[in-house]
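All remarks here apply to the structure that follows.
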Amino acid sequence: MVTLSRRLQAVAALAEPGKTVADIGCDHGYVGIWLIQQKIFPRVIAMDVRPGPLETAKKNVALYRMEDAIELRLSDGLRMLEIGEADCMICAGMGGALICHILENESDKAKAMKQIILQPQSELFLVRRFLRQHGYAIIKEDMVKEDGKYYPMLRAVWQEETMKLAEDRQDIYDAYGRLLLEGRHPVLYEWLLHEQTVTCDILSGLQKAMVEERDTAAGERQKLRLSELKEKQRRIEAALSYYA
């Protein structure tokens with residue numbers, strides 16, 4: 001049996017059983033192999049924009065004798081996938097802006113999926129906001145810590161109608177995840193405390209520097225940064241209130 005990292009194990013575990021999964025940015029192909037071994041999907045279309053990782057995935061597919069179950073394709077995002085060819089999409093390990101681009105650039109293909117599993121490496125707030133504004137509903141979220149880093153992830157479905165949420169909480173949900181907050185996820189709590197400490201330290205250092213700084217241009221930049229940090233601090237405190 002193939003062994004996944006804690007992050008990829010959690011990503012794969014978000015998927016519900018289906019017919020065919022498209023693994024976008026498949027890297028070495030281990031997620032697809034694991035999903036077949038666990039009998040969650042009988043077929044995988046593993047795609048990557050880079051020939052190198054795809055060649056490595058090809059070797060791993062052969063090693064586990066899964067040539068009949070896993071098809072490899074050189075593809076930029078969903079470009080080489082036909083509409084309805086897969087009922088699940090997994091996109092893990094990419095930046096949030098790139099994931100949004102993939103979903104928007106091939107929107108018909110993405111919306112045809114019964115489930116979308118996403119694990120952005122950055123800018124998750126962009127992904128949550130994109131999903132909310134384009135008719136997707138986030139139905140499950142998880143978060144793990146591995147090697148000192150925190151990895152949030154989610155499963156979404158397209159439902160055509162945008163979910164209406166309280167505006168005063170929307171930025172909090174986009175930043176930290178409504179389901180993670182309402183479920184009082186322990187890993188999110190740990191990360192929030194870490195972010196609170198880091199933000200307070202930066203804020204304190206900046207305020208001290210502003211007292212000593214006499215450069216007007218630098219002062220304006222510092223004021224803008226100070227405002228951003230105070231807003232982040234507000235969001236963190238609002239998120240932590242869920243754990244009170």
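When GLY77 is tested against (1) under 30 Å from TYR176 (Cβ atoms); (2) open to solvent by 40 Å² or more (accessible area, probe 1.4 Å); (3) touching a His at 6+ places or on another chain (Cβ under 8 Å), just one condition goes unmet, and that condition is (2).
Considering only region 83-101, how many residues are open to solvent by less than 10 Å² (accessible area, probe 1.4 Å) and either in contact (Cβ under 8 Å) with a residue 60 or more places away in the chain or under 13 Å from ALA156 (Cβ atoms) (or both)? Can you show your working first?
First, pick out the residues of region 83-101 that are open to solvent by less than 10 Å² (accessible area, probe 1.4 Å): 86, 88-91, 96, 99.
Those left that are additionally either in contact (Cβ under 8 Å) with a residue 60 or more places away in the chain or under 13 Å from ALA156 (Cβ atoms) (or both): 86, 88-91, 99.
The number of residues fulfilling the criteria is 6.
Within region 12-29, which residues are in contact with a helix residue (DSSP H, G or I) (Cβ under 7 Å, 6 or more places away or on another chain) and either closer than 18 Å to GLU146 by Cα or assigned to a loop (DSSP other than H, G, I, E, B) (or both)? Walk me through how you get there before you give the answer.
Here is the first cut: in region 12-29, the residues in contact with a helix residue (DSSP H, G or I) (Cβ under 7 Å, 6 or more places away or on another chain) are 12, 15, 21, 23-24, 26-29.
Within region 12-29, ALA12, ALA15, CYS26, ASP27, HIS28, GLY29 qualify.
Tallying residues that are at pLDDT 95 or above, of a type in the set (Asp, Glu) and surrounded by fewer than 16 Cβ atoms within 10 Å (Cβ to Cβ) within region 164-200 yields 2.
Working carefully through the options LEU181, LEU193, LEU206, find the one that is under 18 Å from the mean Cα position of the chain (by Cα) and in contact (Cβ under 8 Å) with a residue 12 or more places away in the chain. Give the steps one after another, and end with the answer.
Working: LEU193 fails: under 18 Å from the mean Cα position of the chain (by Cα); LEU206 fails: under 18 Å from the mean Cα position of the chain (by Cα).
Of LEU181, LEU193, LEU206, the one residue that is under 18 Å from the mean Cα position of the chain (by Cα) and in contact (Cβ under 8 Å) with a residue 12 or more places away in the chain is LEU181.
Quick one: in region 213-234, of everything that is open to solvent by less than 60 Å² (accessible area, probe 1.4 Å) and modelled with pLDDT of 85 or more, which residue is farthest from TYR173 (Cα to Cα)? Only one residue fits best here, namely LEU226. Of all residues in region 106-136, those satisfying the criterion of being in contact with a Ser or Thr (Cβ under 9 Å, 6 or more places away or on another chain), open to solvent by less than 60 Å² (accessible area, probe 1.4 Å) and not in a helix (DSSP H, G or I) are GLY135, TYR136.
The values are calculated or read from the model by the stated rules, or taken from the named source; none is laboratory data. All values derive from a computational prediction rather than experimental measurement. Neighbour counts are summed over all protein chains in view; Cβ atoms, including those assigned to glycine, are modelled from backbone coordinates with ideal geometry. These accessible areas exclude ligands, DNA and RNA; they are computed on the full protein's heavy atoms, side chains included. Shrake-Rupley method; radii C 1.70, N 1.55, O 1.52, S 1.80 Å.
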